[in-house]
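> Quick one: the structure is below, and I'll ask about it shortly.
The values are calculated or read from the model by the stated rules, or taken from the named source; none is laboratory data. What you are looking at is a predicted structure, and each value in this text was computed from that prediction instead of being measured. Counting neighbours? That spans all protein chains shown, and the Cβs are built from the backbone with ideal geometry, glycine included.
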Amino acid sequence: MPRKKRPVRRRGSRKRRKARRVHFPWVKLLLSLLVLFIGYVAFLDFQVYRHFEGKRWSLPARVYARPLELYVGRALTADQFVTELKALGYRFTSRAKRSGEVSRNRDRFQLVSRPFRFWDGDEPSRNLRVEFDASRLTGLRDESNGKSLALARLDPLEIGSIHTARQEDRILLRLDQAPDMLVQALLAVEDRHFYAHHGVSPLAIARAMWVNLRSGKVVQGGSTLTQQLVKNFFLTNQRSLWRKFNEAIMSFLLEIRYSKDEILEAYLNEIYLAQDGQRAIHGFGLGSQFFFQRPVNELDTAQIALLVGMIKGPSYYDPRRNPERAKQRRDLVLRVMRQQEIITPAEERKAVVQALGVVQSARGTSKTFPAFLDLVRRQLRRDYRQDDLVTEGLHVFTTLDPQVQWAVQRSLHDRVRTLRGGRPGLQGAVLISRTTDGEVLALTGGKDAGSQGFNRALDARRPVGSLVKPAVYLTALEQPARYNLVTLLEDSPLSIKSGGKQWEPDNYDHRSHGEVMLYQALAHSYNLATARLGLDLGLDKVIDTLHRLGIRQSLKPYPSLLLGAADMTLLDVSQLYQGLASGGFLVPLRSIRAVLDAEGEPLQRYSIQIQRVIDPGPAMLATWALQSVVTEGTGRSLNRFFSPETGLAGKTGTTNGLRDSWFAGFDGEKLGVVWLGRDDNQSMGLTGSSGAMQVWADVFKRIGVVPLIVAEPEEIEWHRVDLSTGGLAGAGCADTVEVPFNSSGRLPGPARCDR
């Protein structure tokens, strides 16, 4: 039987099996690493997608003042017009040709206004001719067609923004809105081959490595614009190989997912340019406003070069702190622009001799009008979530009048400085509103307008003193069968038990004055007569009047309330007097006119809400009594500053120990309330007339007064009254005054001099 042959083992198969045993773990490792790499890349891709597909930035709400409305007859001087144009960043030239330019020939201006989207539609750019006389606008014409205009509006002053906790701020700029020169200069300096690479430029990296090796230090980077954008969006400034690895991968992914134009547009808005306190300035849109106070499309060649040059080191090349260094960098960028034929040699020579042109202080920050912005924030929070205010890019149009605000700030600062001799720690607050619609025109919460500390206008609750008295007298005048302006009141000592203690008020001069007419008791602010009147009326009725006039807080029915023993804010007092100044209407004070979304679409209009709470007759009589405060009472020193013909009305207020000085007054258009005092509640030695009223007078001298002409209801009739007796005067009476009466009430009897 033939012997079976044993299978022959081939040496090669043994070697292959050994090789498989040796290399299989490495294959598994490599595959695992590949899977991990793919997974990590997918993770990075998700990060890129999530950020770019969603809301890329949290956009703060931008807050604007009222627009300057131009119309024939407006009370506005040429100098005031210049002040506002400068605040808006208009450029004065020999001949205005471009948007944002203006030329002046004495009281005649020619300007090209900027286009702007308001709450009620778009305002186009116009070539305007504006003329003034000594006090008013006298001519308004569209130079493009030679036709007169009924109304034109300039773009409003941006007064601040409402930020996130990160304090990042930017004005979104679309690529098609960016000047071509800006884009060309940016690419020439930062990434010449932007449209050729795929996120990472090996050529740029090799060039940078060669330059750095030759220099012996890092003097040049090889990052593309895409890499810079990725670093700003997702990474840190930490120098490490791992960060560079992530940067390269994410840059490549970004280039795959999005177009070059989208990436470039994101870069224009993300780049960091400056620090304004805690606020970070990002993007060329905001950078242009921050440094040059004008939109980016109005920048000239030198200004564009400066902004592009600052990218390399915003702090190092800060033109405000390091002007020489900034100019050298700007001129280098101009040279590169000329080499790349973006500008001509002649344009370069013209640009390098220009000054930097940087404004010394930036507008549009919360430092400008912090107290008013505080009021805006509080009123916005009633209608919007905080997250929407700091992320959705809302446009908030307010009621602030810059001309009035500047006047208030100067007056309060200057007057407090004058009055501070021997009065350390003296502070103040002022609110100006329009009497017809309750719009807050100006607000400051301290003598230093830019201070972002304690807002005394909104948060300081102080005793109001005699400012509460008009509510007492108004309550009486609502009862014409019992009271009129010449009803005799007893101004004599009284003592009543209140809260377990004896309440014994006294007059400021520590004297009693016997029988006095009702309007004179208010004009001279007699405490004893007021207290007796209020007790006779009933505390509940006085409190009801205060509530109808807009005081929302709960008030305790203590007799001392009649003389101002109630703590209120300046805003509360302004609301109270708004009802008096408006002729008996409850007109809620408001700081906002309208809100638009980021696309310029209207979200909400804040319409005027008016409710009559005081009948016309008593309201008119109360106003006449407040005018008497100025003509013959505690406010009579105002006649040194204003003609009696203006008919100003107001009331002084002084609290115990001279701790608070108040004055509330109004003309035919505006209400102003002023408080002076110390934060530590110590005496500062000023009455309402010697302190707060002086500030009020200074403010209204600056902004101008409008005569107060009080409308007379049908039920009002006038009679001449004898001042010594309060009776109706006849031919035999020498010292008389004409007084309004409610025809539904009883008239006084004849005066003794006529009997």
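> Which condition number in (1) modelled with pLDDT of 95 or more; (2) β-branched (Val, Ile, Thr); (3) in a strand (DSSP E or B) is the one that residue 595 fails?
Of everything listed in (1) modelled with pLDDT of 95 or more; (2) β-branched (Val, Ile, Thr); (3) in a strand (DSSP E or B), residue 595 misses just condition (1).
> For region 712-755, which positions are in a loop (DSSP other than H, G, I, E, B) and of a type in the set (A, V, I, L, M, F, W, C)?
723, 729, 731, 733, 734, 747, 751
> With the checklist (1) out of contact with any His (no Cβ under 7 Å at 6 or more places or on another chain); (2) surrounded by fewer than 23 Cβ atoms within 10 Å (Cβ to Cβ); (3) hydrophobic (A, V, I, L, M, F, W, C) in hand, flag the one item residue 630 doesn't pass.
Residue 630 satisfies every listed condition except (2).
> Within region 137-178, restricting attention to residues that are in a loop (DSSP other than H, G, I, E, B) and acidic (Asp, Glu), which residue is surrounded by the most Cβ atoms within 10 Å (Cβ to Cβ)?
Checked region 137-178; the qualifying residue surrounded by the most Cβ atoms within 10 Å (Cβ to Cβ) is 155.
> May I pose another question? Out of (1) surrounded by fewer than 17 Cβ atoms within 10 Å (Cβ to Cβ); (2) over 26 Å from residue 159 (Cα atoms); (3) touching a residue at least 12 places away in the same chain (Cβ under 8 Å), the odd one out for residue 278 is which?
For residue 278, the exception is condition (2).
> Wholly within region 191-272, which helices (runs of 4 or more DSSP H) include no fewer than the required count, namely at least 2 residues that are out of contact with any Lys or Arg (no Cβ under 6 Å at 6 or more places or on another chain) and modelled with pLDDT of 80 or more?
Result: 225-234, 241-257, 260-270.
> A further question follows. Under 9 Å by Cβ, and 6 or more places apart or on different chains, what pairs join a residue from region 492-508 that is in contact (Cβ under 8 Å) with a residue 40 or more places away in the chain and at positive phi with one that is of a type in the set (Ser, Thr, Tyr) and part of a loop (DSSP other than H, G, I, E, B)?
As it stands, the answer is 499/558, since those pairs meet every condition given.
> I've got another one for you. Can you tell me which of (1) under 18 Å from residue 628 (Cβ atoms); (2) free of Cβ contacts under 8 Å to residues at least 40 places away in the same chain; (3) surrounded by fewer than 21 Cβ atoms within 10 Å (Cβ to Cβ) is the one residue 714 doesn't meet?
Here residue 714 clears every test but (1).
> Can you tell me which residue within region 721-755, out of those that are over 18 Å from residue 622 (Cα atoms) and of a type in the set (Asp, Glu), is modelled with the highest pLDDT?
Among residues in region 721-755 that are over 18 Å from residue 622 (Cα atoms) and of a type in the set (Asp, Glu), the one modelled with the highest pLDDT is 722.
> Answer yes or no as to whether residue 96 is over 28 Å from the mean Cα position of the chain (by Cα) and either among the hydroxyl-bearing types (Ser, Thr, Tyr) or surrounded by 18 or more Cβ atoms within 10 Å (Cβ to Cβ) (or both).
The answer is yes for residue 96.
> Which of (1) over 30 Å from residue 706 (Cβ atoms); (2) within 32 Å of the chain's Cα centre (by Cα); (3) at pLDDT 95 or above does residue 566 not meet, given it meets every other one?
So the condition that residue 566 fails would be (3).
For every residue, the table says whether it meets (1) within 17 Å of residue 526 (Cα to Cα); (2) crowded, with 23+ Cβ neighbours inside 10 Å; (3) under 39 Å from the mean Cα position of the chain (by Cα).
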site: 443; (1), (2), (3): no, yes, yes
site: 451; (1), (2), (3): no, no, yes
site: 465; (1), (2), (3): yes, yes, yes
site: 473; (1), (2), (3): yes, yes, yes
site: 485; (1), (2), (3): yes, yes, no
site: 489; (1), (2), (3): yes, yes, no
site: 503; (1), (2), (3): yes, no, no
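> Continuing with this model, one more query. Quick check on region 598-615: of everything there that is in contact (Cβ under 8 Å) with a residue 60 or more places away in the chain and in a strand (DSSP E or B), which residue is surrounded by the fewest Cβ atoms within 10 Å (Cβ to Cβ)?
In this case the residue turns out to be 605.
> Only strands (runs of 3 or more DSSP E) wholly contained in region 639-700 count here; list those with 2 or more residues that are aliphatic (A, V, I, L, M).
Details: elements: 649-654, 660-666, 670-678.
Those strands (runs of 3 or more DSSP E) span 670-678.
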